[in-house]
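The values are calculated or read from the model by the stated rules, or taken from the named source; none is laboratory data. Just so it is clear, the model here is predicted, and its values are computed rather than measured. We place every Cβ from the backbone using ideal geometry, glycine too, and count neighbours over all the protein chains shown.
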Amino acid sequence: MTIRTTPTLARLALAFFMASTLSAFAANEFGEMFGSYVPQPDVTDRRQMTYVWQAYSLKYADLGKNLVPAGRSADVLNCVAGDLSPAWREAMVRQANVYRAVAGLDSVGVADRAANDRAMAAALIQQRYWELTDLSSNGGYPFNHYPKTTDACYTILGAQGSAMSDISVGGWYTSPNPLNWDSDSDLFFPQVYVDDAGSNNAAVGHRQSFLNPALTQFAVGSVAGVVQRVPPTVLGTIGIGTGNVMTPISNFQPGAAPYVQFWPPQNSFLPFDWYPDGSGRWSLNCTACDASQATVSLLRDGQVIPLSTHTGQSLLVWTLPDSARYNFPPPQDVVFDVSIKNVKVGGVATDYAYKVTVFDAVKEVANNIYPATNFAGIWDAIPSGENGWGFNLALGTRGTPFGTWYTYGADGQPLWLVVPGGTWTTPWSFTGDIYQTTGTPYTQTYSPAQFQIWKVGTVTYQFSDKAHASMSWTMLDGTSGSKQMVPYVEVPQVYRDGVNYSGIWATLPAENGWGFSIQHGWSTIFGVWYTYDTDGKPLWVVLPGGTWTDAKTYEGTLYTATGSGFSKPWDQSAWHIAPAGTAKLLFNGQNDAIFTLTVNGVTNTKRVSRYERY
């Protein structure tokens, strides 16, 4: 939904790309606009795991279109670490959050500038170490957590970063241009860290740092080299590698609740891309427990698999032999049965028994209809020259659409309609029923008896790509219409690291027919409160921007609008906008917030939870 303000309100106007720029920006399937946040799927739900894999996981066969520009500015020969594009750094952290979400953990954000500068300095040291060191003289390790002052590009800052970070080198880019680092494989490193292969990683320390419940942020550094070498795994080609550094930043609190964590997760349907086929290492990591005397056994498709184990006070790792791993997607589901005995949890011997089903998500998508990509967000009728009109689409973790249509009734007053579900008839099209509601006026205490809902029509959304769609509807009163739509995108002039709060937020405890839609793009929040006016009829109020007053609080002015009824041709002269009050959004967590909204002198304070994520 676009709200273009009058000249006196120009400070609050949202900036938008022209069509050509918008298309180039939004065509990126990986979706820079959605920040680092990844919703947690129910790992026991095969459809959820497939959709989250499809929406957030990099696809090997289609690498190029999933990546954002890395924007590296290092001058390696002069030992200048440079920086990265904020979008690419977000993408790196988002890939880490994919694994955290599957493990049932909250997403983490991007660290501050100082931490990222330290990571960049460390990446520079590691890249030069890899290029200039005779690896045969140090056991073949291509990196060094404790660089010496004599190492190339040594700095105290880089040495500090090297000592406290996860480090990897490689990231080969071999074609068509080895020097084009805007499209490289560095974004696979989170997968490499969580897999945690290598003879020196028996304790899966990288995995533990990535899946640490106390983790809050990652700093990211990446520096491309200058020396062309032959990658050992890609014989016959020549490429240039990168030094990659990811620094975990945690906020461990004494007395934090103990946890027991499994990777792969218990009773999960696991897309093959997330299976640790490189290391063959499965793990149980726990606090306030003792796994040193634990034993583990494993069946694959009913057959006993011999294991090697590594145990510690709070860690159990069991490794499958090479013959029992898969270096390619399995031709059919592979079912593992795991039995763990004698883990002392709080001094009590505890046993675990569970299954993990590994499957080929590519085939799953081909055999079932899922949205082709993440189409969630606010869509505008800008191609029609219409202002103050939009459709907000959320996609749940199963890919199920939930839409809210912000428009105007026949009398020109604000009207919102809801599409609380729908069916993907193709990967590029869904159809759902449209409903209208009435409910408790925002001036009164919520009463469930006042909520009424009834079907008023059907709508079809047809996407031609991620940046263009058509919306067509047929109402039960016989009227119909259609619009050409493009997504709302904010120009990323000011970047804000941290959690992305986009989604549909609903009250706790639940109040039917009430919600707040947020599009959080870069530094700005664009919100729409859909509620009921004093007569109980639908009312929506828009927050077209505002200010972060601190790290968790966003405040801005609310507006109401009137315009042409959706069943009539658009009349720009009928559109008017007026200030209506203020909003204060206090985010207590990724999915928990307090909204204080004042409209026409009436204040509502609601505790809300994100119930549909973008």
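All but one of (1) in contact with a strand residue (DSSP E or B) (Cβ under 6 Å, 6 or more places away or on another chain); (2) hydroxyl-bearing (Ser, Thr, Tyr); (3) surrounded by fewer than 15 Cβ atoms within 10 Å (Cβ to Cβ) hold for TYR352, so report the exception by its number. So the condition that TYR352 fails would be (3). A count restricted to the stretch 83-100 and to residues that are surrounded by fewer than 21 Cβ atoms within 10 Å (Cβ to Cβ) and out of contact with any helix residue (DSSP H, G or I) (no Cβ under 7 Å at 6 or more places or on another chain) stands at 2.
For the stretch 8-15, the condition of being of a type in the set (A, V, I, L, M), touching a Ser or Thr at 6+ places or on another chain (Cβ under 8 Å) and modelled with pLDDT of 50 or more holds for none of the residues. Of the residues making up the stretch 499-516, those that are over 15 Å from GLY377 (Cα atoms) and assigned to a loop (DSSP other than H, G, I, E, B) number 8. In the condition set (1) in a loop (DSSP other than H, G, I, E, B); (2) at pLDDT 90 or above; (3) in contact with a Gly (Cβ under 9 Å, 6 or more places away or on another chain), ASP337 is compliant with all but (1).
If only residues of the stretch 129-154 that are modelled with pLDDT under 90 and among the charged types (D, E, K, R) are counted, the one that is surrounded by the most Cβ atoms within 10 Å (Cβ to Cβ) is GLU131. Residues of the stretch 427-467 that are farther than 22 Å from THR603 by Cα, in a loop (DSSP other than H, G, I, E, B) and not basic (Lys, Arg): PRO427, TRP428, ALA467. Considering (1) part of a strand (DSSP E or B); (2) in contact (Cβ under 8 Å) with a residue 60 or more places away in the chain, the lone condition that GLY581 does not fulfil carries the number (2). Screening SER73, SER107 for residues that are part of a loop (DSSP other than H, G, I, E, B) and either under 23 Å from the mean Cα position of the chain (by Cα) or over 17 Å from ASP186 (Cα atoms) (or both) leaves exactly one candidate, SER107. In this structure, does SER573 turn out to be of a type in the set (Gly, Ala, Ser) and touching a Lys or Arg at 6+ places or on another chain (Cβ under 8 Å)? The answer is no for SER573.
Every listed requirement among (1) surrounded by fewer than 22 Cβ atoms within 10 Å (Cβ to Cβ); (2) over 28 Å from the mean Cα position of the chain (by Cα); (3) not aromatic (Phe, Trp, Tyr) is met by ALA114 save one, (2). Note on the stretch 67-81: residues that are modelled with pLDDT under 90 and either closer than 21 Å to TYR129 by Cβ or of a type in the set (Val, Ile, Thr) (or both) amount to 3.
Selection over the stretch 307-323 of residues that are assigned to a strand (DSSP E or B), of a type outside the set (S, T, N, Q) and in contact (Cβ under 8 Å) with a residue 40 or more places away in the chain gives a count of 3.
The residues listed here are SER283, SER268; of these, the one that is at pLDDT 95 or above, buried (at least 21 other Cβ atoms within 10 Å of the Cβ) and touching a Ser or Thr at 6+ places or on another chain (Cβ under 9 Å) is SER268. Scanning the stretch 209-228 for residues that are in contact with a Gly (Cβ under 9 Å, 6 or more places away or on another chain), of a type in the set (A, V, I, L, M) and in a strand (DSSP E or B) yields ALA219, VAL223, ALA224.
Can you confirm whether the stretch 297-306 contains a residue that is under 32 Å from the mean Cα position of the chain (by Cα), over 21 Å from VAL108 (Cβ atoms) and in a loop (DSSP other than H, G, I, E, B)? Looking for residues that are under 32 Å from the mean Cα position of the chain (by Cα), over 21 Å from VAL108 (Cβ atoms) and in a loop (DSSP other than H, G, I, E, B), one finds none in the stretch 297-306, hence no. Within the set GLY565, GLY527, the sole residue that is surrounded by fewer than 21 Cβ atoms within 10 Å (Cβ to Cβ) and under 14 Å from TYR406 (Cα atoms) turns out to be GLY565.
Scanning the stretch 537-571 for residues that are part of a strand (DSSP E or B), touching a residue at least 60 places away in the same chain (Cβ under 8 Å) and more than 30 Å from GLN452 (Cβ to Cβ) yields a total of 2. The residue that is surrounded by the most Cβ atoms within 10 Å (Cβ to Cβ), counting only those in the stretch 170-204 that are at pLDDT below 85 and in a helix (DSSP H, G or I), is ASP186. Within the set THR534, THR598, the sole residue that is in a strand (DSSP E or B), out of contact with any Phe, Trp or Tyr (no Cβ under 7 Å at 6 or more places or on another chain) and of a type outside the set (Lys, Arg) turns out to be THR598. Within the stretch 495-506, can one find any residue that is touching a strand residue (DSSP E or B) at 6+ places or on another chain (Cβ under 7 Å), without any contact (Cβ under 8 Å) to a residue 40 or more places away in the chain and charged (D, E, K, R)? No, the stretch 495-506 has no match at all. For the stretch 441-490, the candidate set comprises residues that are touching a strand residue (DSSP E or B) at 6+ places or on another chain (Cβ under 6 Å), surrounded by fewer than 17 Cβ atoms within 10 Å (Cβ to Cβ) and of a type in the set (Ser, Thr, Tyr); within that set, the residue that is nearest to ILE378 (Cα to Cα) is SER470.
For the stretch 251-270, the candidate set comprises residues that are touching a Pro at 6+ places or on another chain (Cβ under 9 Å) and in a strand (DSSP E or B); within that set, the residue that is farthest from PRO321 (Cα to Cα) is GLN261. Taking (1) in contact with an Asp or Glu (Cβ under 9 Å, 6 or more places away or on another chain); (2) buried (at least 20 other Cβ atoms within 10 Å of the Cβ) in turn, TRP379 satisfies each apart from (1).
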